[in-house]
Amino acid sequence: MSSPINHPQTDVVVCGLGHMGGPIAAELTTAGYQVVGIEKGPFWQYTTDWRQDQKDDEWAIAVERKFDHPLYISTFTIRNNMNQFALPVRRYTKNIQYHALGHGVGGVGVHYGGSLGRFSPWSYQPVTMTKAKYGDAGYSTILSNVKGGTPDIEDWPVTYDDMVPYYNSWEKAIGVVGDQQTGQDPFIPNARFPMPPHPPTPYATIFKNAVQSLGYTPFSTVSGLISGGYVNQYGIGRNGCVYCGWCGGLCNYPCEVGAKTSSHVTTIPAAIATGKFDMRLESYVFRIDTDSSGKATGVRYYDSLGNVHVQPAKVVFNGLWGYNLIRAMLLSGIGVPYDPVAHTGSLGRGLTEGYYPATSSASVQLNVGANAYVAGNAAGGGYNIMDLNEVNPNFSHADDLTFMGGVNLGFGTYIGSGPNTFTTHLPSRTNFGSTWKAGLKDEKIPTKITATLSGTGPNLPLLENYADLDPHYTDIYGDPSTRVTLDWDANTYRVSNYLVNKTTKITDILGKMGDPTTIKKNIIPELAQHVDWWGHHMRGGARTGANQATSVFNKWMQCWTSENIFAAGEICDTFGDNLTAGTHVAGAMAYLAADGIKKYLQSPGALV
């Protein structure tokens, strides 16, 4: 191999230019700093790369994953417990994986569904607020009832109030859609979004009226698909959603009008406009270099031809996706790896899934139809309530201290998902021709729809769930893959069982929505499934925290052991609540990290 290509030192090197790297690049360049951004994939220009004939290619996108990370370059392995042999993820098809990963500037944000929403005050302080509600003894009872592993739960080192300014910055940058009147959701204080909600569906209005009649407080579903033309605080303008529906199809389709709020149309253009941003594409970061004191000196990466580059920097921002963030630090000898036997160390510890197993639910038939051809988009048109959640002081399950948390209950988003060539309504020997066409019409334009509600609770961090380096499998360059050891706990099942089966809270809502005699329950036994697939919303594993022994980053997202390494992402969650998909929370975290980096550059040293 030829000698490494050395570059001049920059102020900040940003690894990964998705939802996390974009805000760092924008904030630091507009503050006058020189920034180098390194991205594994290309830069997709939506006005030319995503014309309708390209963007709507279902085979290339949904099956061949045209806009996703190539798994032949790198993947990871997964198992349910440390006694199993972990196997590698080799394709993007269920049961292994059907959610997408990003590849290119914008990351998965270029084709995600756009479901957003803030965490609540309880999400940030689950230990403190649960003890305040049920007492120390009640909290101890909850922990003693945890099933599926040993709980490893901590409060975040910041509160919700600390994060409000950073939420506001991220929401303005990407144009978050939701209620514009402060207090619409009383349990998420000071949330006022820059863009109005998408038009509600008729069945969403049925849900809204039902929950209001029961004294609950509905709010519009929060979305990352802008509802009209918008210009952010950096002067970057975008077009509003045209409701083509493709973004709802398997969460894989990009937007040809730029309405999806990814960094490539929101924050990266702002960084480029400053003239202080150098973007390196088709480049694969494989090491963070450090000196004898543990401080980072820069990063090393491969370009598309396999050449090794060295990029020195005063600050390294690790904005890689989830497992890759952990892997880069493990490969570089940064942080203290978690030991699952001794339960010491922090890097890899506290891993949870941002997705959930099938849990108990109830349904009712509504006397209203719908049109799946006029598709809407992936995350608009519905309403939610937070009343059945721990953050509500009037919600109590003191009669059942076997779980913690609650649900962000929502219903009514658009049912369409684009023309959808891959329909589930398939012809057969006895179902073809005009009969099949009539059935397809009934599927796409139903005269009655079924409303299904569930109460899935949060996954709890367990000492048995973690990430480390796999001793058997490697990436294309020969470096070990990330190994994930992960399984469900009973908490997520118990929340739904409480709301659906032990109480009438869910069925009371359904009874107000439709004919109570048509209500059906589907009760799922707890721990009925194992994790046999993975999603992109992985949380914990590189936690931010107040305790250096159990966390990787401090409250400013500064690495405890390497003071000039900063990071952000769902993988840095201290406690990953189930209220939202998690992107929204991580976006605010990126702005917190940007503040931390500015403080460090002005006065180097530990910020805590």
- Message: How large is the Rg to Rh ratio of the stretch 198-262 when both quantities use alpha carbon positions and Rh follows Kirkwood?
- Response: 1.08
- Query: Which length gain, in nm to one decimal place, applies between residue 53 and residue 136 when the Cα-Cα distance is subtracted from 0.36 nm times their residue separation?
  - Reply: 23.9 nm
- Please give the per residue accessible area of the chain, computed with a probe of 1.4 Å over protein heavy atoms only, in Å². 37 Å²
- Note on the structure: Taking a ≥ b ≥ c as the square roots of the eigenvalues of the Cα gyration tensor, with a/c under 1.5 meaning rounded and otherwise prolate when a/b exceeds b/c and oblate if not, the stretch 5-86 is oblate
- Computed, not fitted: 222 nm per-residue ellipticity of the chain from DSSP H runs ≥ 4 (each -39500 (n - 2.57)), nearest 500, equal to -6500 deg cm²/dmol
- Quick tally, 1.4 Å probe accessible area for 533, 556, sorted with the most first, runs 556, 533
- Under the rule rounded for a/c under 1.5, else prolate if a/b exceeds b/c, else oblate, using alpha carbon gyration tensor axes a ≥ b ≥ c, the stretch 187-299 is classed as prolate
- Task: Using the Cα centre as the reference, give the magnitude of the dipole from point charges on the C-beta atoms of the stretch 57-210 (Lys, Arg: +1; Asp, Glu: -1; all else neutral), rounded to the nearest 20 debye.
- Result: 420 debye
- Selection from 381, 478, 583 lying farthest towards where the dipole of the stretch 5-602 points positive, charges on Cβ: 381
- Item | Euclidean distance of C-alpha centroids, the stretch 1-72 and the stretch 555-585, integer Å | 21 Å
- residue 450 accessible area, 1.4 Å probe, all protein chains in place, Å² to nearest 10: 80 Å²
- Task: In nm, give the distance between the simple-model label positions of residue 181 and residue 442, each being 7 Å from the Cα along the Cα-to-Cβ direction.
- Result: 4.2 nm
- Query: Which listed residue (346, 272, 456) has the Cα farthest towards the positive end of the charge dipole for the chain, taking +1 on Lys and Arg C-beta and -1 on Asp and Glu C-beta about the Cα centre?
  - Reply: 456
- Note on the structure: Hydrophobic long helices for the chain, i.e. whole DSSP H runs reaching 20 angstrom or more by Cα along the axis with Kyte-Doolittle mean at least -1.0, come out as 160-174, 583-602
- Query: Projected onto the charge dipole of the chain (+1 at Lys/Arg Cβ, -1 at Asp/Glu Cβ, origin at the Cα centre), which of 531, 552, 201 gives the Cα projection farthest towards the positive end?
  - Reply: 201
- Task: Keeping the other protein chains in place, figure out the carbon and sulfur percent of the accessible area of the stretch 172-292, with a 1.4 Å probe.
- Result: 52 percent
- Query: If you place +1 on the Cβ of every Lys and Arg and -1 on the Cβ of every Asp and Glu, how big does the dipole about the Cα centre of the stretch 442-552 come out, in debye to the nearest 20?
  - Reply: 720 debye
- Taking a ≥ b ≥ c as the square roots of the Cα gyration tensor eigenvalues, with a/c under 1.5 meaning rounded and otherwise prolate when a/b beats b/c or oblate if not, the stretch 455-566 comes out prolate
- Query: For the stretch 5-602, what is the largest minus smallest coordinate of the Cα atoms on each principal axis, given in angstrom and ordered from greatest to least?
  - Reply: 71, 61, 50
- Under 19 Å by backbone N from the virtual spin label 7 Å along Cα-to-Cβ at residue 474, the residues of the stretch 69-86 are 71-78, 86
- Task: In debye, nearest 20, what is the charge dipole magnitude of the chain about its Cα centre with +1 on Lys and Arg Cβ and -1 on Asp and Glu Cβ, if you could check?
- Result: 880 debye
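The values are calculated or read from the model by the stated rules, or taken from the named source; none is laboratory data. Remember, it's a predicted structure, so these values are computed and weren't measured experimentally. Every residue, glycine among them, receives a Cβ derived from its backbone with ideal geometry; neighbour counts consider all protein chains shown. The area values use the complete protein model at the heavy-atom level, side chains included, leaving out ligands, DNA and RNA. Shrake-Rupley method; radii C 1.70, N 1.55, O 1.52, S 1.80 Å.
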